Structure formats: C-alpha cells, structure tokens
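Engineer: Mind having a look at this structure? Questions to follow.
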Amino acid sequence: MFNTPEGYRSGFVALVGRPNVGKSTLLNKLVGQKVAIMSDKPQTTRHKIHSVLSRNDAQIVFLDTPGIHKPRHKLGEYMVDVALGALKEVDVVLFLVEATGPPGAGDRYIAEQLKEIKTPVFLLINKVDLVKKEEVLERIVSYKDLLDFAEVVPVSALAGENVDRLVDTIVQYLPEGPQYYPADMVTDRPERFIMAEIIREKVLHLTSEEVPHSVAVVVEQIQARSNGVVAVHAVIYTERESQKAILIGKGGNMLKEVGRRARQEIENLLGSKVYLELWVKVKKDWRNKMADLRNFGFME
Ligand code: GDP
Ligand code: MG
Ligand code: K
C-alpha cells in the first residue's frame, strides 16, 4: 500500500499481563512516545487505535489489551472471550510479568488462558532493574512451568533495557506483509489516522451489513494548498470486487455520499476547507485480521 519494499514484515502484537506489571510503560517505550492520538470525539474513541512501531524493514502494530482477568460476571466472561479471540488473531503475544516476585494468582490465571491459543507467547520478565540476576533466573524457571513460551526476554520497560532486542525478536516472528500505517503515524500525523477512521465510519454506517467490517481506510496523502484548502487522498480497501461495487454504488452515488459526510467531519476536525479524494481498491485476505482486532478494546 505504501510501496512496501521486498521482504518487508508486518503484524500484530498483543500485550497481556495483570495490572501494574508495566504494559503501558513498555508500550510507550516501544513506540517512543505517549500515544495520545484519540481526541475526545465520541465518534473516534469508539474505534480503537493501535500504536505502531515502524522500521525500514518492518512494522509492528501493538495492542494494549483490556486485560484477561478472572471474570466475575457474564460481561466479564464475554470480555475474556473477546480478548482471547483477538489473541488468536495476532502474530505474537507478549505476556508481561514482574521480576520482583513469584507468579501470583493473576499471572497464573493469564498463563492458564494462554494455553488455549496457538499464537507464540513471549514471556517478558519486566522490571529487571529492581532485582539481582539470580532472581531473574528464578522467575524464568517458575514461569516456564506454567506455559510453553516461544521466547523468554528479561526487560526493563522503564530503563529501556533489552527493548531493542525484544523488537528484533518480535520482527522475526512476523509474516511478510504490507505497511499498514504511515511510518510517521505515531510521531507527527495523528490526524491522518483520525481522518481514516472518520471515513471508515461513514462507510460502515452507509453500507450497513453489505460491506463487512473488513473494510479499511488509509489516508495516503494530506496536502495543504496555497488557497487554504487541505487536499486529502484516501484509499478504501475492500476484500472483494462485489464489496467494491457496493461501495462505489450506482453512478458512484454511494462513494459520493461517503465522501460528502466524511469531508464535513474532517473539515470540522481541521478547521479548514477540505478537498477529499476517495479511491476504492480490492486487497484480499490480509484485512481479516485487522478487522477482527478493531472490534476489540485496548490502549488507554
Ligand atoms: P500496567 O498497569 O501494566 O500498564 O503498568 P504501568 O505501565 O502503568 O506500570 C506500573 C508501574 O510500574 C509504574 O509505576 C511504572 O513506572 C512501573 N514500571 C513499569 N516498568 C518498570 C520497570 O521496568 N522498572 C521499574 N522499576 N518500574 C517499572
Ligand atoms: Mg496500563
Ligand atoms: K486505517
């Protein structure tokens, strides 16, 4: 989609772990800054934002999961199911635990749940800055009894210790794939992503069940013109020709309406006049994963 180079790898990674083990700290360290993309706009917060790590050769999309904890009610059970369902769809699960103590009930429960999925699970022993080496080894031994881990990586999310190695290891587990997001998304162009979400929302709203959630939108270009108009070029990806046809509509009417509604909202967002150019393209299969993940909560 962004002229993905040969051999480029990309995929999805979920972070799990009981509260306070350092998930958010690690995520922020990984992507280099606090991901504060979401504005207070209700129409955008409904959609879940991933944080993204981009390199020349790979892109990792991280999810901060809503948490797997022992359900206390039906809704809790449902949430755990949803979380586990999503974990099946990602390429790597990072299971964060603390070096500072033995596995607790919360850690054991999560390990138990992770047995249900086939996704490779990395054990991350976090906060190694607080303990001696021997203690880290002790932790590794006790956790290894709980689950068959694909990798074990001691880290300090706070100090950034071993985080680069973690990234290298994750990349080894990713399939070849496209660059899902602009490489600069996390750093200076959050509005680009929000725009894409606005367009996607209009698509889903106007097409109801005819176009499944597998539709994805990428804003490829934003250009401020000298006359004060902001030109936005976006591509709507569908999985099938039939969906593309529905999206374009008779005489292009559907796409026009999507564009009209999205443009109004983007104008409100940017506070300037917008020229919105929309394209529809078919891209098979790889969207499945992403679409499923969208419906599920993460980040804070
Ligand atoms: P979360 O609930 O799993 O998202 O955990 P947080 O990221 O909010 O971290 C919980 C607390 O642990 C915070 O006070 C962090 O500063 C601290 N913390 C996280 N990672 C580390 C680490 O590697 N070393 C130390 N010493 N503290 C950490
Ligand atoms: Mg957190
Ligand atoms: K998108």
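The values are calculated or read from the model by the stated rules, or taken from the named source; none is laboratory data. The structure presented is a predicted model; accordingly, all values stated were derived computationally and were not measured. As a convention, Cβ positions derive from the backbone with ideal geometry for all residues, glycine included, and neighbour counts pool all protein chains shown.
Engineer: Check off (1) over 16 Å from Asp145 (Cα atoms); (2) at pLDDT 90 or above; (3) surrounded by fewer than 16 Cβ atoms within 10 Å (Cβ to Cβ) for Lys127 and give me the number that stays unchecked.
Structural biologist: (3)
Engineer: Kindly indicate the residue of the stretch 109-124 that is crowded, with 17+ Cβ neighbours inside 10 Å and modelled with pLDDT of 95 or more and also nearest to ligand 1 (Cβ to nearest atom) among those meeting that condition.
Structural biologist: Looking at residues that are crowded, with 17+ Cβ neighbours inside 10 Å and modelled with pLDDT of 95 or more, I get Leu124.
Engineer: Okay, next question. Can you pull out the residues in the stretch 130-168 that are β-branched (Val, Ile, Thr) and surrounded by 14 or more Cβ atoms within 10 Å (Cβ to Cβ)?
Structural biologist: Looking only at the stretch 130-168, we keep the residues that are β-branched (Val, Ile, Thr), and these are 131, 136, 140-141, 152-153, 155, 163, 167.
Selection gives Val131, Val136, Ile140, Val152, Val153, Val155, Val163, Val167.
Engineer: Continuing with the same structure: Consider the stretch 228-243. How many of its residues are of a type outside the set (A, V, I, L, M, F, W, C), outside any strand (DSSP E or B) and closer than 24 Å to Val274 by Cβ?
Structural biologist: In the first step, residues of the stretch 228-243 are kept if they are of a type outside the set (A, V, I, L, M, F, W, C); the result is 228, 233, 237-243.
Subsequent filtering for residues that are outside any strand (DSSP E or B) retains 228, 239-243.
Going one step further and asking which of them are closer than 24 Å to Val274 by Cβ, we end up with 228.
Summing the residues that are of a type outside the set (A, V, I, L, M, F, W, C), outside any strand (DSSP E or B) and closer than 24 Å to Val274 by Cβ in the stretch 228-243 gives 1.
Engineer: Give me a count of the residues in the stretch 129-172 that are of a type outside the set (Asp, Glu) and in a helix (DSSP H, G or I).
Structural biologist: The initial filter retains those residues of the stretch 129-172 that are of a type outside the set (Asp, Glu), namely 130-133, 136-137, 139-144, 146-147, 149-150, 152-160, 162-163, 165-167, 169-172.
Adding the requirement that they be in a helix (DSSP H, G or I) leaves 130, 133, 136-137, 139-144, 163, 165-167, 169-172.
Residues in the stretch 129-172 being of a type outside the set (Asp, Glu) and in a helix (DSSP H, G or I): 18 in total.
Engineer: Given (1) crowded, with 20+ Cβ neighbours inside 10 Å; (2) more than 30 Å from Ser24 (Cβ to Cβ); (3) at pLDDT 90 or above, where does Thr238 come up short, assuming only one miss?
Structural biologist: For Thr238, the exception is condition (3).
Engineer: Any residue in the stretch 188-203 that is closer than 10 Å to Ile266 by Cβ sitting within a Cβ distance under 8 Å of a residue that is modelled with pLDDT under 85 and of a type in the set (D, E, K, R)? List the pairs, counting only those 6 or more apart or interchain.
Structural biologist: From residues that are closer than 10 Å to Ile266 by Cβ, the pairs are Ile194/Lys41.
Engineer: Here's a follow-up. I'd like the full set of residues that are surrounded by fewer than 18 Cβ atoms within 10 Å (Cβ to Cβ), modelled with pLDDT of 90 or more and part of a helix (DSSP H, G or I), limited to the stretch 86-108.
Structural biologist: Ala105, Arg108
Engineer: Against the condition closer than 24 Å to Tyr180 by Cβ and part of a helix (DSSP H, G or I), how does Lys202 come out, does it pass?
Structural biologist: yes
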